[in-house]
Amino acid sequence: MNILHTIGEYALLMRRLFQKPEKFSVYWKQLIHELDKIGVQSIGIVALLSIFMGGVITLQTASNIDSAWIPAYTIGFATRQSVILEFSPTLISLILAGKVGSNIASEIGTMRISEQIDALDIMGVNSAAYLILPKVIASLIIFPFLIIISMFLGMLAGGFFGSAAGLISMVDYIYGIQFEFKMFSVIYALAKTFVFAFIITTVSSYFGYYTRGGALQVGEASTKAVVYSSIYILMANYVLTQLLLL
């Protein structure tokens, strides 16, 4: 019964979320603010993780290729496939679920326990749409750009670290990246990113919006937002892979 109740609450929240806004200019200001908060302020951690993980993937791939029959460009090819298909869209989204999701849940949860949301409802404002819709739209816009940045930096760093370690020449690495490249791989990754962005923002907003109690419950809501967002991302990743790749 608790599961059905949760699903019902989430569905009703989504219904309120996509109702016609009262004043578009207010939502536009909120959207710009959320683009900065969700996207621009996340570039640093995305770049750092992408650079080192791209390097690690290259080094691990090179260390496991010990046959003279396997061409050197295979390292670049394997790094590209790993970064585009799984690392950037999925692992970066999991990191963003921790950073962005916990922030959203704690922000909305604090507004709930301080009765700011109740005040908006009393004034006739659709509090769900006003607080959550700009976050959802902002994440759908900015997440794909973050993932593209992650892909670029991951592959670039892989070539740099591999070349610096003397494991592969930059020429072979670049050839491997270009070898049998399919644009659908990027489309697949970005399709997953859109779904993950929606999951992170709506699930985190749900736990924040329905917070009850005090500061302790806000912390619990923030933790639940990260845990459940991560679980749903992994589940969606499996389903989307089955639908799009197989």
Test item: Cα-centred dipole of the chain, Lys/Arg +1 and Asp/Glu -1 on Cβ, debye:
400
Could you tell me which trypsin sites (Lys or Arg not before Pro) in segment 143-246 are loop residues by DSSP with no more than 15 other beta carbons within 10 angstrom of their beta carbon?
Lys182, Arg212
Apply 1/(1 + (r/R0)^6) to the Cβ-Cβ distance of Phe24 and Tyr210, taking R0 = 30 Å, and write down the FRET efficiency to the nearest 0.05.
0.65
Heads up, the chain by the C-alpha gyration tensor (a ≥ b ≥ c square roots of eigenvalues; a/c under 1.5 rounded, else a/b over b/c prolate, else oblate) looks prolate
What is the distance, in nm, between label points placed 7 Å from the Cα along the Cα-to-Cβ direction at Ile7 and at Asn64?
3.8
Given the chain, longest segment not containing exposed loop GluC sites (Glu not before Pro) (DSSP; at most 11 other Cβ within 10 Å)
1-114
With an 8 Å Cα cut-off and a minimum separation of 6 or more residues, compute the relative contact order for the chain in percent.
34
The chain: calculated mean residue ellipticity at 222 nm from DSSP helix runs of at least 4, using -39500 (n - 2.57):
-25500 deg cm²/dmol
In a GNM of the chain with a 10 Å cut-off on Cα contacts, which of Asn126, Asn64, Asn103 has the highest mean-square fluctuation?
Asn64
How far is it, in nm, from the label point at Leu243 to the one at Ser169 when both lie 7 Å from their Cα along the line to the Cβ?
4.5
Distance (nanometres) between label positions extended 7 Å along Cα→Cβ at Met235 and Met183
3.5
Tell me the chymotrypsin sites (Phe, Trp or Tyr not before Pro) within segment 17-53 that lie in a loop according to DSSP and have at most 16 other beta-carbon atoms within 10 Å.
Phe18
How many lysine pairs in the chain, separated by 8 or more positions in sequence or lying on different chains, have Cα atoms less than 14 Å apart?
6
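Taken together, the values in this text are just the output of simple stated rules run on the coordinates, not laboratory data. Because the structure is a prediction, the values reported are computed rather than measured. Every residue, glycine as well, gets a Cβ built from its backbone with ideal geometry; the counts of neighbours run over all protein chains shown.
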